[in-house]
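Quick one: the structure is below, questions incoming.
The values are calculated or read from the model by the stated rules, or taken from the named source; none is laboratory data. Bear in mind the structure is a predicted one, so any value in this text is a computation, not a measurement. Here the Cβ is made from the backbone with ideal geometry for all residues, glycine too, and neighbour counts use every protein chain on show.
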Amino acid sequence: MSDHNQPTNEESKTDRHQTGSITSNNINTNNTATAQHQITAGNPTNSNSGWWKIGWDRWLELLFTLAIMGATVVNVCVANRQWSAMLESNKINRDMEQRQLRAYVGIPNEDIILNCIACEQPNKIVPADLYSDENMLILPVENYGQTPAFDGRAIAGGKDMPVGQELPSNFSYPLGDASQRTPLKVSPWTAEPHEITHGGITMDATNIDRIKRARDHQIWLYFYGQVTYVDVFGCKAKTLFCFRYIPDNDPKHRFAMCPEHNEPAKNCEKQREPD
């Protein structure tokens with residue numbers, strides 16, 4: 001029984017030869033795979049996944065997209081410049097239109113009237129009414145513009161100088177000292193286009209004395225001040241005035257305009273807040 005199960009010498013040789021062949025084949029196969037892996041890892045140019053392998057059609061599509069983006073940016077910049085230019089042009093046109101339509105207020109010096117009963121009748125008592133027409137320098141305030149002037153107000157001052165002397169070049173035309181200023185009568189006022197509104201400087205004792213001395217050729221007498229108003233565009237404007245009283249001239253020329261401080265309102269001082 002035991003002899004039957006033991007392999008013969010020939011069978012043992014055959015088995016060893018087959019086992020050796022299989023092992024050898026496996027080793028050769030593994031060596032070949034390892035060598036191929038090493039070749040692939042050492043030569044990256046064999047890879048097909050690099051960006052340089054993008055086709056020409058994709059390149060053209062990318063360039064076309066970039067061109068569209070660039071053109072869009074340029075168009076946006078051009079549109080912004082055109083919009084800014086349009087806004088600036090609209091502002092200029094609006095300012096020009098307002099300058100053409102706004103109110104312009106001035107004082108026509110040939111229409112100034114001086115009433116001074118106390119000057120002509122020294123013994124006459126000056127009325128207690130500060131706005132008595134018997135002793136008043138009446139100033140015509142005319143709107144030369146195309147639209148109304150609202151909230152008109154004026155204030156005036158006086159200055160006497162030695163005979164033959166103009167106001168000094170550095171004269172500041174002060175209105176802050178109560179002794180040198182007199183509010184005009186009928187303030188505030190509204191003046192329609194080409195309408196004349198009259199205001200007056202009250203002839204108190206100081207002004208009456210000045211007028212008497214000017215008539216006696218002892219002094220040169222100046223009246224100056226400012227008119228403020230608001231136009232329909234909300235612009236608060238100011239007109240300056242200055243006149244010299246010449247008592248010997250005819251009534252239309254008794255108040256000569258000073259070389260300076262006769263300026264019509266040109267620009268806004270500030271914008272009126274909306275009501």
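Would you confirm whether any residue within the stretch 215-225 is buried (at least 16 other Cβ atoms within 10 Å of the Cβ), part of a helix (DSSP H, G or I) and at pLDDT 90 or above?
yes
Out of the residues in the stretch 208-231 that are among the polar types (S, T, N, Q) and out of contact with any Phe, Trp or Tyr (no Cβ under 9 Å at 6 or more places or on another chain), state the one that is nearest to G106 (Cα to Cα).
Among residues in the stretch 208-231 that are among the polar types (S, T, N, Q) and out of contact with any Phe, Trp or Tyr (no Cβ under 9 Å at 6 or more places or on another chain), the one nearest to G106 (Cα to Cα) is T228.
Could you pull out the residue among A128, A118 that is among the aliphatic types (A, V, I, L, M), modelled with pLDDT under 85 and in a loop (DSSP other than H, G, I, E, B)?
Checking each option against the conditions leaves just A128.
Considering only the stretch 157-196, state which residues are under 32 Å from the mean Cα position of the chain (by Cα), farther than 23 Å from F233 by Cα and at pLDDT below 90.
Scanning the stretch 157-196 gives P174, L175, G176.
Are there any pairs with C-beta distances below 6 angstrom linking a residue in the stretch 165-185 that is more than 17 Å from L137 (Cβ to Cβ) to a residue that is modelled with pLDDT of 55 or more and not in a strand (DSSP E or B), with the two at least 6 apart or on different chains, and if so which?
No pair meets every condition.
Going through T190, T239 one at a time, which residue ends up being part of a strand (DSSP E or B), crowded, with 20+ Cβ neighbours inside 10 Å and of a type in the set (S, T, N, Q)?
T239
I would also like to ask the following. Out of curiosity, is Y245 under 16 Å from C116 (Cβ atoms) and hydroxyl-bearing (S, T, Y)?
For Y245, the condition - under 16 Å from C116 (Cβ atoms) and hydroxyl-bearing (S, T, Y) - is met.
Ok, one more. Step by step: first the residues of the stretch 197-210, then only those that are under 16 Å from L139 (Cα atoms) and either at pLDDT 90 or above or among the small types (G, A, S) (or both), then the one that is surrounded by the fewest Cβ atoms within 10 Å (Cβ to Cβ). Which residue is that?
G200
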